[in-house]
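Chemist: This is the structure, below, for whatever I ask next.
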Amino acid sequence: MSASAFKTLYTQMIQNGGEYSALPKDLLRKDLQVFVKETRPYFLVSDSFFYVPAYFTQAALTEYTSKFPQVGVLDLENKVIVVTKWSLELRRVNSAEVFTSYAGVECRLIVHSFKPQLKEQLHPTRYPTNLYRDDEFKTTIQAFRHAQVVSAAAGRKNDMAPISGGKGQVSQGVLTNSCGEWQFKEGNTKVVSLGGAKSKTGGAPSAAKVKGGKKVVKKAASKAGAKSDAAVASLMSGAKKAGKKS
């Protein structure tokens, strides 16, 4: 493995403005074979490079319980699972509280169907880190947000205060109103906590929270480039060759 599947997918999702359907079709049909880093207090999965939280639909948990009653979801820590049906969506969150987010944006892995690979062993060659602490990925989010703010400001150019001809007036040529809150396509898939309590807002009650004070977000000047689709395909190809279900 030479690249992170999560980083490639999430970068493309951000650069497509939250349009999951705009991702390459061959990637959307791939199974995701991932390592469960932890299940408590948050269900974190890793591609051996980075970890991200997995958000489960009620249908996914119901199906899993019916097919694999001998292995509880919370007992999957340090095990391998194959996510056979999934989607991505962007959500607006408070990054001072949700550590798996950055600059008010979280890209969520929504699990619609999955199965354990109890006989499959993964031995990560490195310690996976939080994707949202990766400098390149943070730059991608910063560039996306900057483009959104510029677009919003351009749409309000008619609100520019008229220049009266006077000199030295700092109020001239500035926006009379703010450009408004920046927008992007936000998902609304209903997910549940592992305890079964449905979230009214579509987010998981067990969403990864930050412990501690609010962190300062620094601005970046450049935009990260997209990773190749071939890298993702090679990282995911092992899932369909997994052994017989336990």
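Chemist: Across the stretch 92-147, which residue is surrounded by the most Cβ atoms within 10 Å (Cβ to Cβ) among those that are in contact with a strand residue (DSSP E or B) (Cβ under 8 Å, 6 or more places away or on another chain) and of a type in the set (Asp, Glu)?
Modeler: Glu106
Okay, residues lined up against (1) touching a Ser or Thr at 6+ places or on another chain (Cβ under 9 Å); (2) of a type outside the set (Ser, Thr, Tyr); (3) without any contact (Cβ under 8 Å) to a residue 60 or more places away in the chain:
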| position | (1), (2), (3) |
| --- | --- |
| Asn16 | no, yes, yes |
| Leu28 | yes, yes, yes |
| Val45 | no, yes, no |
| Tyr55 | yes, no, no |
| Gly72 | yes, yes, yes |
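Chemist: Would you tally the residues in the stretch 23-41 being assigned to a loop (DSSP other than H, G, I, E, B) and within 16 Å of the chain's Cα centre (by Cα)?
Modeler: Restricting attention to the stretch 23-41, the residues satisfying the condition of being assigned to a loop (DSSP other than H, G, I, E, B) are 23-24, 29-31, 39-41.
Checking the rest, the ones that are also within 16 Å of the chain's Cα centre (by Cα) come to 23.
Here the count works out to 1.
Chemist: Right, something else. Can you report the number of residues in the stretch 1-22 which are within 17 Å of Phe137 (Cα to Cα), over 14 Å from the mean Cα position of the chain (by Cα) and either of a type in the set (A, V, I, L, M) or at pLDDT 90 or above (or both)?
Modeler: Start the filter on the stretch 1-22 by keeping residues that are within 17 Å of Phe137 (Cα to Cα), which leaves 2-18.
So of that shortlist, the ones also over 14 Å from the mean Cα position of the chain (by Cα) come out as 2-3.
Now narrow it down to the ones that are either of a type in the set (A, V, I, L, M) or at pLDDT 90 or above (or both): 3.
Qualifying residue count, the stretch 1-22: 1.
Chemist: Taking the stretch 51-81 as the search range and keeping residues that are assigned to a strand (DSSP E or B) and over 18 Å from the mean Cα position of the chain (by Cα), which one is nearest to Thr189 (Cα to Cα)? Spell out the reasoning first.
Modeler: In the first step, residues of the stretch 51-81 are kept if they are assigned to a strand (DSSP E or B); the result is 51-56, 80-81.
Retained after the next criterion (residues that are over 18 Å from the mean Cα position of the chain (by Cα)): 80-81.
Details: Val80: 25, Ile81: 21 Å.
Restricting to residues being assigned to a strand (DSSP E or B) and over 18 Å from the mean Cα position of the chain (by Cα), the top hit is Ile81.
Chemist: Read through the list (1) crowded, with 16+ Cβ neighbours inside 10 Å; (2) closer than 18 Å to Leu9 by Cα; (3) under 16 Å from the mean Cα position of the chain (by Cα), then give the number of the only condition that Thr84 fails.
Modeler: It fails just one condition, (3).
Chemist: Regarding the stretch 45-63, can at least one residue be identified that is surrounded by 15 or more Cβ atoms within 10 Å (Cβ to Cβ), of a type in the set (S, T, N, Q) and modelled with pLDDT of 95 or more? Quick ask: steps written out before the conclusion?
Modeler: Residues of the stretch 45-63 surrounded by 15 or more Cβ atoms within 10 Å (Cβ to Cβ): 45-57, 60-61, 63.
Filter once more, keeping what is of a type in the set (S, T, N, Q): 46, 48, 57.
If we keep only those that are modelled with pLDDT of 95 or more too, we end up with 46, 57.
Among the residues of the stretch 45-63, at least one is surrounded by 15 or more Cβ atoms within 10 Å (Cβ to Cβ), of a type in the set (S, T, N, Q) and modelled with pLDDT of 95 or more, which makes the answer yes.
The values are calculated or read from the model by the stated rules, or taken from the named source; none is laboratory data. A quick note: this is a predicted structure, and the numbers were derived from the prediction, not measured. With ideal geometry, Cβ positions are generated from the backbone for all residues, glycine too; neighbour counts draw on all protein chains shown.
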